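The values are calculated or read from the model by the stated rules, or taken from the named source; none is laboratory data. What you see is a predicted model; the values in this text were computed from it and never measured. Counting neighbours? That spans all protein chains shown, and the Cβs are built from the backbone with ideal geometry, glycine included. Accessible surface areas use protein heavy atoms only, side chains included; no ligands, DNA or RNA. Shrake-Rupley method; radii C 1.70, N 1.55, O 1.52, S 1.80 Å.
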Amino acid sequence: MANETATLAAYVTGLKYEDIPPAVIARAKLLILDFLGSAVRARQESESTPSILKMLATLGLDAEGNATVCGDAKTYTPSVAALLNGALGHSLDFDDTHADSSLHASAPVVPAAFAVGEIVGASGKEVLTAIVAGYEVCCRLGNALDPTSHYARGFHPTATAGTFGGAAAAGKLFKLSTEQMIQAFGVSGSQAAGSLQFLVNGAWNKRFQVGAAAMNGVVAASLARENFRGAIEAVEGKHGLLVGYSDDAHPERATAGLGAVYETMKIGVKPYPSCRYTHAAIDALIAMRREHNLVPDQIKRVEVGLHRNGNTLTANSLDKRRPKNIVDGQFSMYFTGALALDQGSFGWDDYKRLGDAAIEKLSDRIDVVQDARLEGKSHPFGARITVETADGTHERIVADPSGEPASFPDPQMMRQKFLTLARPVLADRAEKFSDAVLAMETFGKFGAVTELARL
């Protein structure tokens, strides 16, 4: 290990808007828009939102502030706004994914940047620069942790590496020095937390711990701004992130090609509101249903082959076959696969079919296995599908789910996904907010963008 903490800190503090290639700026704006659609909708429809808001009220943490929460009429203090927007944007499980690190980059980074950007009066260009810096830090640390090893230890990389990404974005907007950014990362190392135990009972921890990562990033950067002394070598130290959170860390991945290779361009978006490990299989099942005119009564058995990570997250318990709540459904290959076969589509509103007899009947014919052919690839999101019918057997291997960089949707498709999610909450303001986000670099004061997300 070789000074990864200091190298990343220097990169963040030295990054300029003019240094970032136009293609990366354009992609970042689409990723931001994608995240915000989920956050807006979740403010009204996520079943975990009321509990978080009541907790804040009980503890006196819901005071009026200057930071926007998407889809809310009230403004909050910056740390609370980061918490809420992070939790909201991750609640639908419709937010972006970085395949190599197996994390959701926008969920901890964008809320931290938005909260600090508003209170310091940053420009749209400054907020965009901070978000790209945050993406690069959290994705690179996720790569270095090795997602398979990190998962095996029971950690959720969006919440662990994401804390550092949130601190990078917030610290950039606070204009921290490189030494202060090192301190911010030092504080982040003490706050990086996120457990996979939520998988056992469909718990809301997953949403909250990602919001907490955004909030903790803001707190870490704020402490560093006040010259709080944080731990050095938070990434590579003998008790640092890579030692404590992984049995197979690759520290060189944290800085490889830094400044020349943009991990931001490797972030994909989701066509379905569920765990990314289900998406290649859903793509295949929808296509096979259409091409072979499959109807449920014809289907004898379906076998879904996934990478070991996919098995861990979506198929390794009996409860996965009978999800009882939305989180269970989001992490059930059986439920999502049955939906794809039954109706040839899958969207947020389809969670109303949890417990549907027709879906459960199809789920019983689906088996999920680990497929060795999907191991050792550049990333683990592929799937192999075998469908046995009365007329024969059909098989397909999908290396990449739709929405990955090679099949990234065009701006119009991204805007339509946002509007589908945001219109029921923001009504006519949804179009104005979308237009502003996609032109955010033209705003001298970023607050003029975020105020459009309020009710």
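Data for the structure
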item: Test: residue in the range 367-386 that is touching a His at 6+ places or on another chain (Cβ under 9 Å), open to solvent by 10 Å² or more (accessible area, probe 1.4 Å) and among the aliphatic types (A, V, I, L, M); result: yes
item: Residues of the range 395-405 satisfying the condition of being out of contact with any helix residue (DSSP H, G or I) (no Cβ under 6 Å at 6 or more places or on another chain) and either open to solvent by less than 40 Å² (accessible area, probe 1.4 Å) or under 22 Å from R365 (Cα atoms) (or both); result: E395, I397, G403, E404
item: Selected residue (criterion: nearest to the chain's Cα centre (by Cα)) from residues of the range 301-327 that are open to solvent by 30 Å² or more (accessible area, probe 1.4 Å) and among the basic types (K, R); result: R308
item: Residue within the range 252-273 that is closer than 17 Å to T148 by Cβ and part of a loop (DSSP other than H, G, I, E, B) present; result: no
item: Pairs where the first residue, in the range 411-438, is more than 16 Å from A28 (Cβ to Cβ) and the second is aromatic (F, W, Y), C-beta under 8 Å, 6+ apart; result: L421/F94; L421/W348; A422/F433; L426/F433; A430/F418
item: Test: residue in the range 441-449 that is open to solvent by 70 Å² or more (accessible area, probe 1.4 Å), aliphatic (A, V, I, L, M), touching a helix residue (DSSP H, G or I) at 6+ places or on another chain (Cβ under 9 Å) and at negative phi; result: no
item: Residue selected from the range 287-303 under the condition among the hydrophobic types (A, V, I, L, M, F, W, C) and in contact (Cβ under 8 Å) with a residue 60 or more places away in the chain, by the criterion farthest from D95 (Cα to Cα); result: I299
item: Counted residues, the range 362-373 - those being in contact with a helix residue (DSSP H, G or I) (Cβ under 8 Å, 6 or more places away or on another chain) and more than 16 Å from R289 (Cβ to Cβ); result: 4
item: Failed criterion for F198 (all others in (1) modelled with pLDDT of 95 or more; (2) part of a helix (DSSP H, G or I) hold); result: (1)
item: Of all residues making up the range 346-360, the number that are within 14 Å of K270 (Cβ to Cβ) and surrounded by fewer than 16 Cβ atoms within 10 Å (Cβ to Cβ); result: 1
item: L30 vs. criteria part of a helix (DSSP H, G or I) and either closer than 29 Å to R454 by Cα or at pLDDT below 95 (or both); result: yes
item: Positions within the range 114-131 being crowded, with 24+ Cβ neighbours inside 10 Å and over 17 Å from A439 (Cβ atoms), in sequence order; result: A115, V116, E118, A130
item: Pairs where the first residue, in the range 212-228, is in contact (Cβ under 8 Å) with a residue 40 or more places away in the chain and of a type in the set (S, T, N, Q) and the second is surrounded by 24 or more Cβ atoms within 10 Å (Cβ to Cβ) and part of a helix (DSSP H, G or I), C-beta under 7 Å, 6+ apart; result: N216/T163; N216/G166; N216/S188
item: Counted residues, the range 406-415 - those being surrounded by 14 or more Cβ atoms within 10 Å (Cβ to Cβ) and of a type outside the set (A, V, I, L, M, F, W, C); result: 2
item: The range 282-300: number of residues that are part of a helix (DSSP H, G or I) and out of contact with any Ser or Thr (no Cβ under 8 Å at 6 or more places or on another chain); result: 9
item: Some residue of the range 53-63 being under 21 Å from the mean Cα position of the chain (by Cα) and either over 16 Å from F94 (Cα atoms) or without any contact (Cβ under 8 Å) to a residue 60 or more places away in the chain (or both); result: no
item: Qualifying residue in the range 317-335 (condition: at pLDDT 95 or above and among the aliphatic types (A, V, I, L, M)); result: yes
